[in-house]
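S.K.: After the structure tokens below, expect a handful of questions from me.
The values are calculated or read from the model by the stated rules, or taken from the named source; none is laboratory data. Keep in mind it's a predicted model, so treat the numbers as computed, not measured. For neighbour counting, all protein chains shown are included, and Cβ atoms are generated from backbone atoms with ideal geometry for every residue, glycine included.
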């Protein structure tokens, strides 16, 4: 019997039945690549000794094809829905805390939309830019919470809503908040809890995000919508007025009636577009009609200006139990002066608005990062020394850098001067330091300098709040039938008034003893704080309803005095007595110059006609026309107001 190759142990291509088996095995392997796993497949592997290819591959390809047809993966859709829920919650809490004095957004769906849209836009921008939904929720929630909280407490303490321009005064705001009792409400704590919970949920469940290309397109679209809203929709005065409805005439009520986020961004439009109608050519033509006046040597009197912090004449109101001693010195000094009513643009705070208006002759201010025209610069051009003092920290309102740009040299603050008179760690000095020290420095100056002096000073003593729990200097200044907390605050405030009045009178007696001619300007910068939401004013029956003339005057009015010592009266032939007109702070220096007999700078001459026809020109749109204070000036008056703002902007920006 012949032997076969296999039997002999030789290797080689299979022959016979063995060779015929191979194609079947190959077909089985091919089938196994497309068949789902089954018992048969497992048996085939066992019986043939061959491993089948993974049966899932085809299903994966089918699933991937199906997924590619979706715009967003399921995880991104879930994330988006969670972000929407977070945005609605953030907006709802903000609106719930937006009311003021019984005025609120009243569930208006249109207002809900305009307040919520910026929340969604911010959520979208952060999510699409970072890819982290939890981060978008945390940052957006924190920012809206801080905005709403700042507005809540600012309105509570000063009856003044949070505006865009306040962002540039955050440091001052933080310092002032230390003087008030800031306590979070239960709803605020609940809101914080919701923000934290939403952030945690999104951290674990909100992992989805669009693919790179779609994400970039979406980010671009959201950015463009944000720009359109910021530039065109939110600044729209017509829409804002319509949504504020019957509250549109009162800035505080209009803000409360339209939410927080929406009116805040509306104020941004007002701030950023304040010079949008600026016509430089027209302003230059008006300005070039005038030249700076020259002060003759025989009229170069010394000019000292003192802004009295929160000093108001509340004796004008029928205050029960007010001691006549409180304002005795003040009224005696008033009788010796040319005096009148100052209608400021602020209430209970914002000192520099009055301060800068008096210095610059304008009621809308820039950031003073460069040299800006002012009374100080003009007087320096006439050979005057210009300096001043404020017994507070130099960084407050950035006066350390602003004052030199307004022409005030060697300005004295707590940081560089007054620290030596107060205890370590204290920030301010009061009138018991300020006035005697000013007298000493003036005496030294007049003994050692020939140049006339312009000294611009701002006190601190009257600054609120005034303790409502106890009195520091007795309770005899006001004994009326008021609550104990009201009496405590009034007694603390009226002591400060009486003390400041005594120092003012003593200071004028000192000036009268000098041979140097001196003209003194005194004025109050704003009404004092009197309890959260003006509760003390309300208790005294003083209306702060700024939609009426009475309430408007009560809210914004203070006083001014222009006083001259005997040497100045003799030199100028002016007695510096009588009743002056109601004035806006921006026209106050012009009134001083006219009494002295100075022409003033080209700008002061250009604004003089406006000062005579519209002596009160308020930032809220009110004006005094033909002796009547009105919220609706005539078209002619409005045109003059626009011309004034145009000229003021030119003067502020053209200075070199």
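S.K.: If I ask for residues that are in contact with a strand residue (DSSP E or B) (Cβ under 9 Å, 6 or more places away or on another chain) and at pLDDT 95 or above, which ones from the range 515-546 would you list? Don't jump to the end; show me each part of the working.
M.R.: Narrowing the range 515-546 to residues in contact with a strand residue (DSSP E or B) (Cβ under 9 Å, 6 or more places away or on another chain): 516-525, 527, 533.
Residues satisfying the conditions are 516, 517, 518, 519, 520, 521, 522, 523, 524, 525, 527.
S.K.: Check 642, 624, 609, 599 and return the single one that is surrounded by fewer than 18 Cβ atoms within 10 Å (Cβ to Cβ) and not in a helix (DSSP H, G or I).
M.R.: Details: 642 fails: not in a helix (DSSP H, G or I); 624 fails: surrounded by fewer than 18 Cβ atoms within 10 Å (Cβ to Cβ); 609 fails: not in a helix (DSSP H, G or I).
Selected residue: 599, the only one of 642, 624, 609, 599 that is surrounded by fewer than 18 Cβ atoms within 10 Å (Cβ to Cβ) and not in a helix (DSSP H, G or I).
S.K.: Can I ask one more? From the residues in the range 206-215 that are part of a helix (DSSP H, G or I) and touching a residue at least 60 places away in the same chain (Cβ under 8 Å), which one is nearest to residue 134 (Cα to Cα)?
M.R.: Step one: list which residues in the range 206-215 are part of a helix (DSSP H, G or I), which gives 212-215.
Still in the running and touching a residue at least 60 places away in the same chain (Cβ under 8 Å): 214-215.
Working: 214: 20, 215: 17 Å.
Checked the range 206-215; the qualifying residue nearest to residue 134 (Cα to Cα) is 215.
S.K.: May I pose another question? So residue 292 ticks every box in (1) assigned by TED's automatic domain parsing to the domain that holds residue 581; (2) in contact (Cβ under 8 Å) with a residue 24 or more places away in the chain; (3) surrounded by 13 or more Cβ atoms within 10 Å (Cβ to Cβ); (4) out of contact with any strand residue (DSSP E or B) (no Cβ under 7 Å at 6 or more places or on another chain) but one. Which box is left unticked?
M.R.: So residue 292 meets the others, but not (1).
S.K.: If we keep just the residues of the range 180-205 that are in a loop (DSSP other than H, G, I, E, B) and in contact (Cβ under 8 Å) with a residue 60 or more places away in the chain, which is nearest to residue 132 (Cα to Cα)?
M.R.: First, the residues of the range 180-205 that are in a loop (DSSP other than H, G, I, E, B): 180-185.
Next, from what is left, pick out any that are in contact (Cβ under 8 Å) with a residue 60 or more places away in the chain: 180, 185.
Numbers: 180: 38, 185: 30 Å.
Checking each candidate, the answer is 185.
S.K.: Now for a separate question. Among the residues of the range 552-560, are any more than 31 Å from the chain's Cα centre (by Cα), assigned to a helix (DSSP H, G or I) and surrounded by 22 or more Cβ atoms within 10 Å (Cβ to Cβ)? Walk me through how you get there before you give the answer.
M.R.: Within the range 552-560, the subset more than 31 Å from the chain's Cα centre (by Cα) is none.
There is no residue in the range 552-560 that is more than 31 Å from the chain's Cα centre (by Cα), assigned to a helix (DSSP H, G or I) and surrounded by 22 or more Cβ atoms within 10 Å (Cβ to Cβ).
S.K.: Being in contact (Cβ under 8 Å) with a residue 24 or more places away in the chain, assigned to a loop (DSSP other than H, G, I, E, B), within 33 Å of the chain's Cα centre (by Cα) and closer than 24 Å to residue 620 by Cα narrows it down to one residue among 278, 262, 240; which is it? If you could, list the steps in order and put the result at the bottom.
M.R.: On the way: 262 fails: assigned to a loop (DSSP other than H, G, I, E, B); 240 fails: assigned to a loop (DSSP other than H, G, I, E, B).
Unique residue meeting the criteria: 278.
S.K.: Within the range 221-228, can one find any residue that is at pLDDT 95 or above, in contact with a helix residue (DSSP H, G or I) (Cβ under 8 Å, 6 or more places away or on another chain), assigned by TED's automatic domain parsing to the domain that holds residue 91 and farther than 25 Å from residue 92 by Cβ?
M.R.: Looking through the range 221-228, at least one residue is at pLDDT 95 or above, in contact with a helix residue (DSSP H, G or I) (Cβ under 8 Å, 6 or more places away or on another chain), assigned by TED's automatic domain parsing to the domain that holds residue 91 and farther than 25 Å from residue 92 by Cβ.
S.K.: Any chance the range 443-459 includes a residue that's touching a helix residue (DSSP H, G or I) at 6+ places or on another chain (Cβ under 9 Å), buried (at least 16 other Cβ atoms within 10 Å of the Cβ), modelled with pLDDT of 95 or more and in a helix (DSSP H, G or I)?
M.R.: There is no residue in the range 443-459 that is touching a helix residue (DSSP H, G or I) at 6+ places or on another chain (Cβ under 9 Å), buried (at least 16 other Cβ atoms within 10 Å of the Cβ), modelled with pLDDT of 95 or more and in a helix (DSSP H, G or I).
S.K.: Assuming residue 624 fulfils every condition listed in (1) under 22 Å from residue 523 (Cα atoms); (2) in contact with a helix residue (DSSP H, G or I) (Cβ under 9 Å, 6 or more places away or on another chain) apart from one, which condition is it?
M.R.: Status for residue 624: all satisfied but (2).
S.K.: Looking at the range 138-179, which of its residues are modelled with pLDDT under 85 and either more than 17 Å from residue 347 (Cβ to Cβ) or outside the structural domain of residue 194 (by TED's automatic domain parsing) (or both)?
M.R.: Hits for the range 138-179 are 168, 170, 171, 174, 175, 177, 178.
Here is a yes/no grid of residues against (1) in the same structural domain as residue 416 (by TED's automatic domain parsing); (2) part of a strand (DSSP E or B); (3) in contact with a helix residue (DSSP H, G or I) (Cβ under 7 Å, 6 or more places away or on another chain); (4) in contact (Cβ under 8 Å) with a residue 24 or more places away in the chain:
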{"site": "311", "(1), (2), (3), (4)": "yes, no, yes, yes"}
{"site": "346", "(1), (2), (3), (4)": "no, no, yes, yes"}
{"site": "371", "(1), (2), (3), (4)": "yes, no, yes, yes"}
{"site": "377", "(1), (2), (3), (4)": "yes, no, no, yes"}
